[in-house]
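These notes are about the structure you will find just below.
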Amino acid sequence: HEDEEQGEVFFDESDIIDEIDVDEEDLPDAEDDIVEDSDDSIHIFTGHTGELYAVACSPTDPVLVATGGGDDKGFLWKISHADWASELQGHTDSVSSLAFSHDGQLLASGGHTDSVSSLAFSHDGQLLASGGFDGLVKVWDTSGNLKSTLEGPGGGIEWIKWHPKGHLILAGSEDCTVWMWNADNGSCLNVFSGHGASVTCGDFTPDGKTICTGSEDATLRIWNPRSGESIHVVRGLTCLSISSDSTFAVTGSKDGSVHVVNITTGKVASSWASQTSSTEGNPESIECVSFAPKFPWAVSGGMDRNLTIWDLQNSSPRFICNHEEGVTCLAWLGASKFLATGCCDGRICIWNCLSGECVETFKGHEHAIQSLSVSSNLEFLVSVSMDGTA
């Protein structure tokens, strides 16, 4: 260590500090060191050739699944039908989100001359919308036939949502705008401008009367769908979810805080600071939030490795559920007390939110989980990962 220029250094007997006798029978065999990772999946779809970003289960066909990823491809495939798959051809950029309609006949996908970034089925089950990082939205049937292309945004499509009561498509773009089209005739109905950065999340309220969007400019904007007017602006968020009664939005922030916003007034009704101790360094960002479908709770997951179940009535955490790695996404198992979380280590955990206990862990993925979706009959949970598999 004193002379780094002395070249190679060799040990001799004078360097030995201690010598320990070991019985050879106590040494492990080479085979004993090989531990194969378990795989709990019942079906693996390997049609993609790159990272996967999006998954959606059909709301009517329990085995029909749509996936999209960074290979600029979207696919329709069926659980336990390894010989059936239909490629959504034409995408030239990443597919980042997907959602089926409730009656699935038609389907729309993003992907085009740029990566497909998002997909969504209409709520009557007739359409699936998909958005690509090429700024286009395409519409397909469930056989993978292209029906129409919606144009307008000057940047990649970040997400797509359907109006709860009609064939209207809402999409957020990297160019700071949100677009709304009539999916039946392809006409643009409105463009919502005001965000100062990429619009990364958004949705119609369940009653269809209001739009909420979130952006990398750290604001939540509440819009009138007809006039395009921005009604309220709330600062600080990374993700959002809207309550079933269209009254509140829950948002997560990069600073690890969670806020509940009254959509009508634009006022923050409740705020919860990061659950990460100050001794652990800077708080980690919240990556996913949701209202419980059946209970007076909100849940949040983030890079602090926690799923927090919040009691909305008392504005306090019911449980803090620890993970080994960061939480990237979540999905309720129907209207039950059970919630699935996807993690950076490729694991999926199932939580009983009444008790705060982890009741099941699914292994199989080699890299981070990007998205989760539950089949219509609640029998299947489908995950997509950075490892290129579903």
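The values are calculated or read from the model by the stated rules, or taken from the named source; none is laboratory data. Because the structure is predicted, anything quoted here is derived from the model rather than measured. Note that we place each Cβ from the backbone using ideal geometry, even for glycine, and neighbour counts take in every protein chain shown. The area values use the complete protein model at the heavy-atom level, side chains included, leaving out ligands, DNA and RNA. Shrake-Rupley method; radii C 1.70, N 1.55, O 1.52, S 1.80 Å.
Report the label-to-label distance for T49 and F10 in nanometres (one decimal), using points 7 Å from each Cα along the Cα→Cβ vector.
5.2 nm
Using a probe of 1.4 angstrom, how much of the accessible area of the range 178-260 is carbon and sulfur, in percent?
Of the solvent-accessible surface of the range 178-260, carbon and sulfur hold 45 percent.
At a Förster radius of 51 Å, what calculated FRET efficiency corresponds to the Cβ-Cβ distance of S193 and D23, to the nearest 0.05? If you can, show how the numbers build up before the last one.
Values: r = 76 Å, r/R0 = 1.49.
The computed FRET efficiency comes out at 0.10.
For T247 and D39, what is the calculated FRET efficiency with R₀ set at 45 Å and r taken between the beta-carbons, to the nearest 0.05? Don't skip to the answer; put the middle values down first.
Numbers: r = 43 Å, r/R0 = 0.95.
Using R0 = 45 Å, I get an efficiency of 0.60.
Under a plain spin-label model, where a point goes 7 Å from the Cα along Cα-to-Cβ, how far apart in nm are R226 and A335?
For R226 paired with A335, the spin-label model returns 3.1 nm.
Can you work out the FRET efficiency for the pair K294 and T92, with r the C-beta to C-beta distance and R0 = 51 Å, to the nearest 0.05? Walk me through the intermediate numbers first.
On the way: r = 42 Å, r/R0 = 0.82.
Computed FRET efficiency for K294 and T92 comes out at 0.75.
Which of the residue pairs K138/K209; K73/K294; K78/K147; K147/K294; K267/K363; K209/K267 have a Cα-Cα distance greater than 30 Å in the structure shown? If you can, show how the numbers build up before the last one.
Details: K138/K209 25 Å; K73/K294 36 Å; K78/K147 22 Å; K147/K294 37 Å; K267/K363 41 Å; K209/K267 18 Å.
Going by Cα-Cα distance, K73/K294; K147/K294; K267/K363 fall outside the 30 Å limit.
Arrange the peptides 323-332, 145-154 so that the one whose residues have, on average, the most other Cβ atoms within 10 Å appears first. Walk me through the intermediate numbers first.
Details: 323-332: 19.9, 145-154: 16.2.
In decreasing order of mean packing, 323-332, 145-154 become 323-332, 145-154.
How many angstrom lie between the C-alpha centres of the range 202-276 and the range 161-190?
Taking the Cα centre of the range 161-190 as reference, the centre of the range 202-276 is 19 Å away.
For the chain, set up a Gaussian network in which alpha carbons nearer than 10 Å are linked by springs, and say which option among V139, V233, V258 fluctuates the most.
Of the options given, V233 has the highest mean-square fluctuation.
Debye calculation, C-alpha points only, no solvent: report log10 I(q)/I(0) for the chain at q = 0.09, 0.10, 0.13, 0.14 Å⁻¹, in the same order as the q values.
At q = 0.09, 0.10, 0.13, 0.14 Å⁻¹ the computed log10 ratios are -0.54, -0.64, -1.01, -1.17.
Which semi-axis lengths, in whole Å and largest first, follow from the square roots of five times the eigenvalues of the Cα gyration tensor of the range 120-240? Write down the numbers at each step before the final one.
Working: eigenvalues 106, 47, 28 Å².
Value: 23, 15, 12 Å, ordered largest first.
Restricting to Cα pairs below 8 Å that are 6+ residues apart, what does the relative contact order work out to for the chain? Please round to a whole percent. List each step's numbers first, then the result.
Working: 1251 pairs, mean separation 41.7, N = 390.
Computed value for the chain: 11 percent relative contact order.
Taking the mean number of other Cβ atoms within 10 Å as a proxy for protection, how do you rank 55-65, 126-136 from highest to lowest?
Working: 55-65: 21.9, 126-136: 29.5.
Top to bottom by mean Cβ count within 10 Å: 126-136, 55-65.
Once you place label points 7 Å from the Cα toward the Cβ at E325 and D207, how far apart are they in nm?
Going by the 7 Å Cα→Cβ label model, 4.2 nm.
Stokes-Einstein diffusion coefficient for the range 289-372 at 4 °C in a medium of 1.567 mPa s, Rh from the Kirkwood formula over Cα pairs: what value in µm²/s?
Rounded, D is 103 µm²/s.
Using a simple charge model, +1 on the beta-carbon of Lys and Arg, -1 on the beta-carbon of Asp and Glu, nothing else, what dipole does the range 152-208 show about its Cα centre, in debye to the nearest 20?
Values: 2 positive and 6 negative charges, 22 e Å.
I would put it at about 100 debye.
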